[in-house]
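In what follows, a single structure is set out as structure tokens and then discussed.
The values are calculated or read from the model by the stated rules, or taken from the named source; none is laboratory data. The model shown is predicted, which means the values in this text are computed figures rather than measured ones. So basically every Cβ, Gly included, is an ideal-geometry build from the backbone, and we count neighbours across all protein chains shown.
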Amino acid sequence: MDHRPHDEELTVHLPRSHPADEATSATLLDEAAWGMPPSEQDIHSTTPPPAPAPAPAPAPADPPSGGLGRLTAVWHGTLTEPSGAPYTAGAQRRRGRLRGRLIVAGAALAAVFLLIRQQTGDPLSVTGVTVRPSSPAVGCDTVVTVLATIRSNGEGGTLSYRWRRSDGTVTSPVRQRIAPRARLTEVTLHWAFHGPGSMEATAVLEVLSPNPARAEATFAYTCHL
């Protein structure tokens, strides 16, 4: 019997690999150095690689020196109008207080101006006087009201006057305060008549100051019992 050498039985003939599979038939000596071999599915796959993930948004830059003030204003409830002026309840209150102070200051200035004008302006002057009775003729036991109108130049001040009656009665001087811009002042005399008789009565108004002026009115009294 022809016996082949025993060593021949240990010889293994590997089939010749296809050129396309040479890469997969390579012997990998060190997986840590060469990495894991790609699979045949990875080599022949036609699926495109996934799109790269979008880059993360850049972190916001630190606000400038004025930005912190803006953030603080927003935190405290401050809004900004298109013009850029702050618009808050506190600002409204400050504007209200300012408006009130301006009104008070304006009133004070007006009072000072009026006082100065009274002291340095034209003095009070009487420009005319008229007198008229309540009736041109009266009868028994009647009270006649005599009305006098004093015209002035519109300046404030004090005037004095007195009444003189045709029966010889003269009143004491009366002082009358005239307000600024008042041009007409009315004063009255009440004259009572009693008993029978007749007379023509005359009432005279005499302005004593600031400048003298005079006017009179006459009426008839008749009483037959």
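Are any of the residues in the range 113-131 β-branched (Val, Ile, Thr), part of a helix (DSSP H, G or I) and farther than 29 Å from Leu225 by Cβ? Yes, the range 113-131 contains a residue that is β-branched (Val, Ile, Thr), part of a helix (DSSP H, G or I) and farther than 29 Å from Leu225 by Cβ.
When Val170 is tested against (1) out of contact with any Lys or Arg (no Cβ under 9 Å at 6 or more places or on another chain); (2) within 22 Å of Thr218 (Cα to Cα), exactly one condition is not met: (1).
A single member of Val144, Val174 is of a type in the set (A, V, I, L, M, F, W, C) and exposed (fewer than 13 other Cβ atoms within 10 Å of the Cβ), and it is Val174.
Somewhere in the range 170-193, is a residue among the polar types (S, T, N, Q), in a loop (DSSP other than H, G, I, E, B) and assigned by TED's automatic domain parsing to the domain that holds Val131? Don't jump to the end; show me each part of the working.
Here is the first cut: in the range 170-193, the residues among the polar types (S, T, N, Q) are 171-172, 176, 185, 188.
Filter once more, so that each one left must be in a loop (DSSP other than H, G, I, E, B): 171-172.
Next, only the ones that are assigned by TED's automatic domain parsing to the domain that holds Val131 stay: 171-172.
So far as the range 170-193 goes, yes, one or more of its residues are among the polar types (S, T, N, Q), in a loop (DSSP other than H, G, I, E, B) and assigned by TED's automatic domain parsing to the domain that holds Val131.
Scan the range 159-177 and report the pairs whose first residue is acidic (Asp, Glu) and whose second residue is surrounded by 13 or more Cβ atoms within 10 Å (Cβ to Cβ), with Cβ atoms within less than 9 Å and a gap of 6+ or a chain change. Taking only residues 6 or more apart or on different chains, the pairs are Asp167/Trp191; Asp167/Met199; Asp167/Ala201.
The single condition from (1) touching a strand residue (DSSP E or B) at 6+ places or on another chain (Cβ under 8 Å); (2) closer than 18 Å to Cys223 by Cβ; (3) surrounded by fewer than 16 Cβ atoms within 10 Å (Cβ to Cβ); (4) not small (Gly, Ala, Ser) that Thr149 fails is (2). So for the range 197-204 (the condition being among the β-branched types (Val, Ile, Thr), assigned to a strand (DSSP E or B) and surrounded by fewer than 18 Cβ atoms within 10 Å (Cβ to Cβ)), does at least one residue qualify? For the range 197-204, residues among the β-branched types (Val, Ile, Thr), assigned to a strand (DSSP E or B) and surrounded by fewer than 18 Cβ atoms within 10 Å (Cβ to Cβ): present.
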